[in-house]
Amino acid sequence: MTFDNSFTRREFLKGAGALGAVSMTMWLGGCEACQEQIAHRPTRRNIANLAANDPIITAYQNAVTAMKALPSTDPRNWTKQAQIHFDHCPHGNWWFLPWHRAYLSYFERICRKLAGYNDFALPYWNWTTSPSIPAVFWGNGNPLFDNTRGVGPSDQADPAWVGTTVIQNILSTGNFNIFASSPSSAPRGGTGGGYGELEATPHNNIHSWIGGDMGAFMSPLDPVFWCHHNVLDCLWVEWNINRGNPNTNDQNWYDLHMTEFVDENGQPVDVTVAATVLMPLFSYQFEPCGPAQEAPKKWQRAQLEAFLKSGAPVRLDVTQRMELKRAVTTEVGKPLASMAQLPADSLKTVLESQGKTAALLTINGAQVPQKTDFYVRVFTDKADASADTPISDPHYAGSFGFFQDAKAMPGMEVMGSEAKQLGFVVDLTPTLKRLSDAGGMQGPAVNITLVLVPYEKRQAAGQTLTIEKLEFAIANVK
Amino acid sequence: MTRCSVQLVAPLIFVVVFVCGSPSASPLKPRVQSETPSQTTLTQQSPEAVFPLDYARIKRGDVLLLQLVAVDNPQHATFTVNVMLVPSATVIDSSQRVPVGSMGVYPDQENHGLYTFDLAPAIRQLKGQARDACLVIQLKPLHPSSGWNRLRVTVTNPQWKQ
């Protein structure tokens, strides 16, 4: 999955009407491909709940072994991964949490691939309930063992910094900067900054208490590092999503691009803080880690919208808009075709901008009927697109649905049954570029087809979707 | 309830001998200090300091700032500075201390830094005793068996930010 915030929440609100929760998936590069991943996203489990021979532990051991065996020229090599931390990790400022979230996410993907275990999810070490380093990290010959540690298997972390009371108090602040560390002008060496409670208390002390590799910036050499940071990520989820505390809405925080990570194939990635705030909704989930094991906050749709608006990335300047359709109704089995006649230079700009200019389809005021047994696929320059056209077709641009399956997003409850108006955005840029590169673009005109696709084993015949306005937009991405 | 009190014993540093409420008090007696934005040095011999708190500032949600300004650590001891509340200056029972957080140091034990704390969650746990609450900062080695008798950690006295 590619994390790409090429369109943003303000654009949804400005250009596409009310926000639908599913629209967020569009940030991630196409709803449909993500739906399955979201619904079945892996669960990061408490390592205390895993037996020593659990497949997750075995996969972690195998992944570490494989990474250590990679040549030092491979960026997935164990030491090279630690070097990323040494060279780039922000500490004592507000990028501490999102940077480590992204770091862990890509590490997890590397582990998954190298271990050959697709269900792998990085387990976490909950030092509040298990204050000793877990048994799976000990034993000579065990790839999860690090012989530089300054503590032993029976030593326990001090409740003053990992105990239930102090963690509960840390989770009880509503102030992002106190929880997650303070604003700084740069990830390293900037002005400002300051340790928040989560970083200063359990994070720093666990590192220093374990010592050895863990006590320095090459700490990822110790496999326990990843599970230590994983519970910090879990506590951020607990604070932010389960307890409903908003992250900062400062654009300087969201805009940070992190280009130091590599994916499971060793390819460099460019991920923003804006993308990291959504990772727990789309890429993974946690077994509960909060000290009170509290039930997650139940979100109403309106609440979720307001909450995400308060902390959403917002940097998209629409430079051109073209209305394609107004007050149009389409039906299952009857694709809706439209055409955007672009100035020749507009398309050229999009295709040559290297991601700095995007071509977007905005669907404004989609009147969602109470019964929606379908979702919508979007194709470009595919006049004969139908529900049978696969998403592997090069003309496929994305899709959107209406997200009324609460199981797909635990903690979010869709309330009310009256018809709602939603807005969606589909980024057409990658598809246009792909078609252009393959010589498949017919000219400056772009044909767009919306296809209502019934969900498997659902009766959707006759169901309709009414759209207030369909627009094609060119936007500068910042 | 005894409010934290102060006494001038040196220029710019307000210190009184802590009046322990129990004859079985720890020999490591904490000191009571004012909110004057000066500094306090914690050592093995003097590992704790107690500060009065402005309850009105806590109530209005002000943020507590503490800064680690100097570390003299020739033995390279690993340490932290725990931050806690006590219901009053006379309470020495450690079970009545409410942990707020700590000033952990990573990766370098000579690291300096600014630390922010929200006292409100801990204050709520003191319930009716909150008005007389005092702040305790406590130097603590992470590995007590290692030498730390030459460790000197200097922290600014509590400051507030709205």
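Rule-based calculations on the coordinates, nothing more; no lab input. All values reported here derive from a predicted model rather than from experimental measurement. Ideal geometry is used to build each Cβ from the backbone, glycine not excepted, and the neighbour counts take in all protein chains shown.
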Sorted from fewest to most neighbouring beta carbons within 10 Å, what does the list A:HIS395, A:HIS207 look like? A:HIS395, A:HIS207
What does the average come to when, for each residue of peptide B:77-87, you count the partner chain Cβ atoms lying within 10 Å of its Cβ? 3
With a point put 7 Å past each Cα toward its Cβ, work out how far B:LYS127 is from B:SER46 in nm, to one decimal. 3.7 nm
Report the extension gain between A:ASN252 and A:ASP270 in nm, rounded to one decimal, defined as 0.36 nm multiplied by the number of residues separating them, less their alpha carbon distance. 4.8 nm
Amide H contacts of B:MET103 (H built 1.01 Å from N, under 5 Å, at least 5 apart or other chain): B:VAL81, B:ASN82, B:VAL83
Would you list B:LYS140, B:LYS127, B:LYS161 from fewest to most Cβ contacts within 10 Å? B:LYS127, B:LYS161, B:LYS140
Given unit charges at Cβ for Lys, Arg (+) and Asp, Glu (-), the dipole magnitude of segment A:42-283 about its Cα centre in debye, nearest 20, is 260 debye
Computed lengthening from A:SER353 to A:ARG434, 0.36 nm per intervening residue step minus Cα-Cα distance: 27.8 nm
Residue separation between A:GLN367 and A:GLN320 times 0.36 nm, minus their alpha-carbon distance, gives in nm 14.4 nm
Most exposed first, judged by fewest Cβ atoms within 10 angstrom, A:THR173, A:THR319, A:THR65 run A:THR319, A:THR65, A:THR173
At what distance in angstrom do the alpha carbon centres of segment A:193-233 and segment B:95-162 lie from each other? 18 Å
